[in-house]
Amino acid sequence: MKAAGGLVLALMAAATATAAEAGAWPQAKGRGQVILKFEDMRAAEGFDPSGELAPLPAERRERILGAFGEYGLTDRLTLVLKGDWQSGKDAFVAYEGRGPLEIGLNWQVWGDDRTSLSLYGGAADGGEGRNAGYAAPGEGDRDWELRASVGRSFGAPGGRIGAFTGGFAELQAARRMREGLPDETRVDATVGAHFGENWMALGQAYAGEADGDGPRWLSVEASVVRRLGPWSVQAGWREAVSGRETPRSSGPVIALWRRF
């Protein structure tokens, strides 16, 4: 039964979540940032259709070099661009090529000094890589996404508790409509804590499910960000903790941020 479960998983492939990047807070007019992120994910087990762990026929490995950019067109409207280059291998396929290329707009509906509510709409063009984790490389054409985000920042009582100076929490919910692949519902959450002016710790969760009792996933990520003037360096670890018809992938995440 375990071998059969592994075969089903390998054929269905993975459903992976991408980082929640089109967030609740817009960029100021004329300001922006670019993030380059490298992920090296491996899996020897996967979650079968009932959610139980089963061994894969062979190790699955995926490497992704992603680029994310945003630029403030106005103080409430932000242009968002996403893309990546992928390479991977499992028991049945080896591939390399461009992943989805996405463009969108993030609009702040309402905000004050602490809270922000935003809506995002984007369109993506599929590439030669995995356009969805549960699809074979190259499957899937165009995607459209609608996303709502709400964020709340907070300060430490008295301005500081030790090195802790404040933080934020954000929740995102999205609906992704796809050509050639099942539509998806996604929920992403982020909690951040600032330590002094130059350090930040991040805890993130990425969850989703494809329509028609399709693949389901929940991944968590912990990372540390070090600010160096207009640059920042991020290092962390991501791991799938539950799912259905998805691999139990895990691996390091490294990113370079540049604000302008």
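Values as computed for the structure displayed
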{"quantity": "GluC sites (Glu not before Pro) within segment 31-67, DSSP loop, no more than 15 other Cβ atoms inside 10 Å", "calculated": "52"}
{"quantity": "Sites residue 228 and residue 123, calculated FRET efficiency, Cβ-Cβ separation with R0 35 Å, nearest 0.05", "calculated": "0.55"}
{"quantity": "Solvent-accessible area, 1.4 Å probe, carbon plus sulfur percent, for segment 111-260", "calculated": "61 percent"}
{"quantity": "Surface per residue (accessible, 1.4 Å probe) for the chain, Å²", "calculated": "48 Å²"}
{"quantity": "Interatomic Cα distance distribution for segment 29-154, bins of 10 angstrom, percent", "calculated": "12, 31, 29, 20, 7, 0"}
{"quantity": "Additional length obtainable on full extension of the chain from residue 103 to residue 139, 0.36 nm per residue less Cα span", "calculated": "11.0 nm"}
{"quantity": "Using distinct alpha-carbon pairs, which all enter the 1/r mean, Kirkwood radius of the chain in Å", "calculated": "19.0 Å"}
{"quantity": "Surrounding net charge for residue 184, when Lys and Arg each add one and Asp and Glu each subtract one, Cβ distance under 15 Å", "calculated": "-3"}
{"quantity": "Unit charges on C-beta of K, R, D, E only; dipole of segment 148-247, Debye", "calculated": "460 debye"}
{"quantity": "Residue 92-residue 65 FRET efficiency (beta carbon distance; Förster radius 25 Å; 0.05 resolution)", "calculated": "0.60"}
{"quantity": "GluC sites (Glu not before Pro) restricted to segment 156-260 and DSSP loop, no more than 13 other C-beta within 10 Å", "calculated": "179, 197"}
{"quantity": "Length-normalised contact order for the chain - Cα pairs under 8 Å, 6+ apart - percent", "calculated": "20 percent"}
{"quantity": "Using a Förster distance of 51 Å, the FRET efficiency for residue 256-residue 50 (Cβ separation, nearest 0.05)", "calculated": "0.80"}
{"quantity": "Alpha-carbon Debye profile of segment 91-142, log10 I(q)/I(0) at 0.19, 0.27, 0.29 Å⁻¹", "calculated": "-0.68, -0.97, -1.04"}
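The values are calculated or read from the model by the stated rules, or taken from the named source; none is laboratory data. None of these values were measured; they are calculated from a predicted model. Note that we place each Cβ from the backbone using ideal geometry, even for glycine, and neighbour counts take in every protein chain shown. Surface accessibility is based on the protein's heavy atoms, side chains included, excluding ligands, DNA and RNA. Shrake-Rupley method; radii C 1.70, N 1.55, O 1.52, S 1.80 Å.
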